[in-house]
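Structure in structure tokens, see below.
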């Protein structure tokens, strides 16, 4: 099966090249698509020089829209959705592909190691977890994980959501459409938002995006 890696990226010039090169080492990955989401740095150039198919949005449209563009352009039967700042640890994506390629799951979600003192307060994660469970889905460890592999049909049916709410939407619809989901522990690492003012502001935006997504997908709550 053909695999397309889709990476939304915003101001990630310092690390996107490493991420792309790590994915190029995976034989299963047929194409790597980077959507430069209106970056103000050299993200697009760095991704292109590393060998990715690169498309630039004129303005910053948000993660959900960038993924929608990338998935529409992708040719793969399996879509590998990854964050831009994984660096060399992006090679761990091979673990995500295994259950989907083997037909054991329709979507796999990465569970990253937790580092004490890093991350937020768990409010947004808890809200997303509740929405997925209330919709009939599984009780996910990391429902907001942006690292996942899924069959194209899953994206076509569930790929809706507002900005950072896209992962919540993917989780909320799995029961309604009868898709199988597995969580896969991976040794990935990326930049985690802390608890300083910048981190709190980011979590606030994320909370709003998840809330809007839940409202948009409210029928799935009736699961």
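Bear in mind that the values in this text are calculations on the coordinates, not laboratory data. This structure is a prediction, so every number in the text was calculated from the model and none was measured. When we count neighbours, we look across all protein chains shown, and the Cβ atoms used for this are built from the backbone with ideal geometry, even at glycine.
By counting other Cβ atoms within 10 Å of each Cβ, how are 216, 148 ranked from fewest to most?
With the sparsest Cβ surroundings first, the list reads 216, 148.
Okay, next question. Ignoring everything except DSSP H segments at least 4 long, calculate the 222 nm mean residue ellipticity for the chain; use -39,500 (n - 2.57) per segment, divide by total residues, nearest 500.
-11000 deg cm²/dmol
Sticking with this structure for a sec: Counting only C-alpha contacts under 8 Å and six or more residues apart, can you give the relative contact order of the chain as a whole percent?
Answer for the chain is 22 percent.
Out of the DSSP beta bridges found with both residues in the stretch 3-222, what percent are antiparallel (nearest 5)?
Within the stretch 3-222, antiparallel bridges account for around 25 percent of the total.
In a Gaussian network model over the chain where Cα atoms closer than 10 Å are linked, find which of 84, 28, 110 has the largest mean-square fluctuation.
Sorting by GNM fluctuation, first place goes to 28.
Oh, and also: Taking every pair of Cα atoms in the stretch 3-222, average 1/r, invert it to obtain the Kirkwood radius, and report Rg/Rh to two decimals.
Dividing the radius of gyration by the Kirkwood radius yields 0.93.
Still on this structure, please answer the following. Order by neighbour count: 43, 141, 168, fewest other Cβ atoms within 10 Å first, most last.
141, 43, 168
Highest GNM mean-square fluctuation, the chain, Cα pairs closer than 10 Å: which of 186, 34, 59?
So, out of 186, 34, 59, the one fluctuating most is 59.
Hey, another quick one. Just rank 89, 4, fewest to most, by other beta-carbon atoms within 10 angstrom.
If I rank by nearby Cβ atoms, fewest first, I get 89, 4.
Using a Gaussian network model on the chain with a 10 Å cutoff between Cα atoms, which of 163, 38, 103 fluctuates the most?
Answer for the Gaussian network model of the chain: 103.
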